[in-house]
Amino acid sequence: MAVSEDFARLTDPFRPELLAHCYRMLGSVHDAEDQVQETMIRAWRSYGEFEGRASLRTWLYRIATNACLRALENSGRRPLPSGLGAPGEYPEAPLAAARPEVPWLQPIPDALVSAGSADPAEIVASRQSMRLALIAALQYLPARQRAVLILHDVLRWRAAEVADLLGTTTIAVNGMLRRARARLQQVAPDEDQIHEPADPAGRALLGRYATAFQNADVTAVMQLLREDAVFEMPPEVTWFVGRELVGRFLRARVLTEPGRFQMFPVAANGQPALAAYVRGHDGGYSAHSICVLTLATSRVARVTAFNDPGLFAAFGLPRTVPAAAVPVPGR
């Protein structure tokens, strides 16, 4: 029991950052949680052999990275709809056929991966490394390139340390790093001027968006969108670009009556987000989607509405809410 208590005391503080690492590798909060659990099981079994030649943190990252690489051997990338095909042109038309075989990218609650640091610069860097656009872009990299880029550019490991972890050479690591950076530059969109979740202007914009959405005020929603705004809804394949097309889609299919949706603020991927509940026939509300917003130039640049009620548990949210009740997000 003493060994178990000692192991838990030493390793538990690393769980949030290991979860963040596995999420960057895998693009799924559920898969990341599974691999952190696998990491801790493997570490516990080998703990008696841990000789301290590397730090405990380095040792755990080695186990976690290799667990993720094994998990990626038989899985494809996790895309967003915008990474699969051209945007829709006819908002009033039927949506594209579902693709149940696609393992979609998932968001992750900030509360699960918070760095616990008091350093504002470190907090901002941690949030930036979790941005939805970056996680989506990482999915385009082969697994080992993904690991190299995350370990070197995000976690600031030296190339020699990365090579040691992966059982390869520094020259090979630097080569993978060059290719990974070049590929990332091709697929990662420009995200200048993004608001932090705690930014007052960002909070105000999020509040106005939530209110307009709840009121089914399409005109007000459109006024908050950037002209080139993107709206996507995994697992729906159809997505739209441009304020006018997004507004037409919302008016035709989503915001059909006031009070159909109730929106509650959460935080995901270092970005402001909303948990959306949809009204049912009994007047109560059911979990509908986690909407991650990219706020830029004082407007909403992108909405990624993850239409997956199964995500609500990770955010500490109930699946259903009585008509008169208000959930308390993330508690």
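The values are calculated or read from the model by the stated rules, or taken from the named source; none is laboratory data. All figures in this text were calculated on a predicted structure; none of them were measured in a lab. Note: ideal-geometry Cβ built from the backbone for every residue, glycine included; neighbour counts use all protein chains shown.
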Study note, to complete from the structure: In segment 60-78, anything assigned to a loop (DSSP other than H, G, I, E, B) and in contact with a helix residue (DSSP H, G or I) (Cβ under 9 Å, 6 or more places away or on another chain) is listed as Glu73, Ser75, Arg77, Arg78
Practice item. Tell me, please, whether a residue that is of a type outside the set (A, V, I, L, M), at pLDDT below 95 and closer than 26 Å to Ala188 by Cα can be found in segment 236-254. Key: no
Review point. Would you say Leu206 is touching a Leu at 6+ places or on another chain (Cβ under 9 Å) and part of a strand (DSSP E or B)?
Key: no
**Study point:** Residues of segment 160-180 that turn out to be closer than 16 Å to Trp59 by Cα, assigned to a helix (DSSP H, G or I) and not acidic (Asp, Glu), as a count
**Key:** 5
Check your understanding: Just for segment 79-91: of the residues that are assigned to a loop (DSSP other than H, G, I, E, B) and modelled with pLDDT under 95, which one is farthest from the chain's Cα centre (by Cα)?
Key -> Gly85
Review point. Here are Thr65, Thr58: which of them is within 17 Å of Glu33 (Cβ to Cβ) and touching a residue at least 24 places away in the same chain (Cβ under 8 Å)?
Key: Thr65
Point to revise | Any hit, segment 73-92, residues being more than 30 Å from Arg251 (Cβ to Cβ) and surrounded by 14 or more Cβ atoms within 10 Å (Cβ to Cβ) | key: yes
Practice item. Collect the residues in segment 1-36 that are surrounded by 20 or more Cβ atoms within 10 Å (Cβ to Cβ), polar (S, T, N, Q) and in a helix (DSSP H, G or I), keeping them in residue-number order. Key: Gln35
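Here are Tyr47, Tyr61: which of them is in contact with a His (Cβ under 7 Å, 6 or more places away or on another chain) and surrounded by 15 or more Cβ atoms within 10 Å (Cβ to Cβ)?
Values: Tyr47 fails: in contact with a His (Cβ under 7 Å, 6 or more places away or on another chain).
Answer to the selection: Tyr61.
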Practice item. Tell me, please, whether a residue that is at pLDDT 95 or above, closer than 27 Å to Ala96 by Cα and not aliphatic (A, V, I, L, M) can be found in segment 264-271. Key: no
Check your understanding: Name the residues in segment 160-190 that are in contact with a helix residue (DSSP H, G or I) (Cβ under 6 Å, 6 or more places away or on another chain), small (Gly, Ala, Ser) and closer than 29 Å to Gly83 by Cβ, would you?
Key -> Ala180, Ala188
Point to revise | Matching residues, segment 140-158, being crowded, with 19+ Cβ neighbours inside 10 Å and assigned to a loop (DSSP other than H, G, I, E, B) | key: Leu141, Trp157
Exercise for review: Can you run down the residue pairs with Cβ atoms below 6 Å, 6 or more apart or on separate chains, where the first is in segment 10-38 and of a type in the set (Lys, Arg) and the partner is in a helix (DSSP H, G or I)?
Suggested key: Arg24/Ile150
Check your understanding: In this structure, does Arg57 turn out to be out of contact with any helix residue (DSSP H, G or I) (no Cβ under 9 Å at 6 or more places or on another chain) and either modelled with pLDDT under 95 or among the aromatic types (Phe, Trp, Tyr) (or both)?
Key -> no
Check your understanding: Do we find that Leu255 is over 21 Å from Pro107 (Cα atoms) and touching a helix residue (DSSP H, G or I) at 6+ places or on another chain (Cβ under 7 Å) in this structure?
Key -> yes
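Residue-by-condition table, conditions (1) farther than 16 Å from Ala275 by Cβ; (2) surrounded by fewer than 19 Cβ atoms within 10 Å (Cβ to Cβ); (3) of a type in the set (Gly, Ala, Ser); (4) touching an Asp or Glu at 6+ places or on another chain (Cβ under 6 Å):
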position: Arg203; (1), (2), (3), (4): no, yes, no, no
position: Gly207; (1), (2), (3), (4): no, yes, yes, no
position: Ala212; (1), (2), (3), (4): yes, no, yes, no
position: Gln223; (1), (2), (3), (4): yes, yes, no, no
position: Glu232; (1), (2), (3), (4): yes, no, no, no
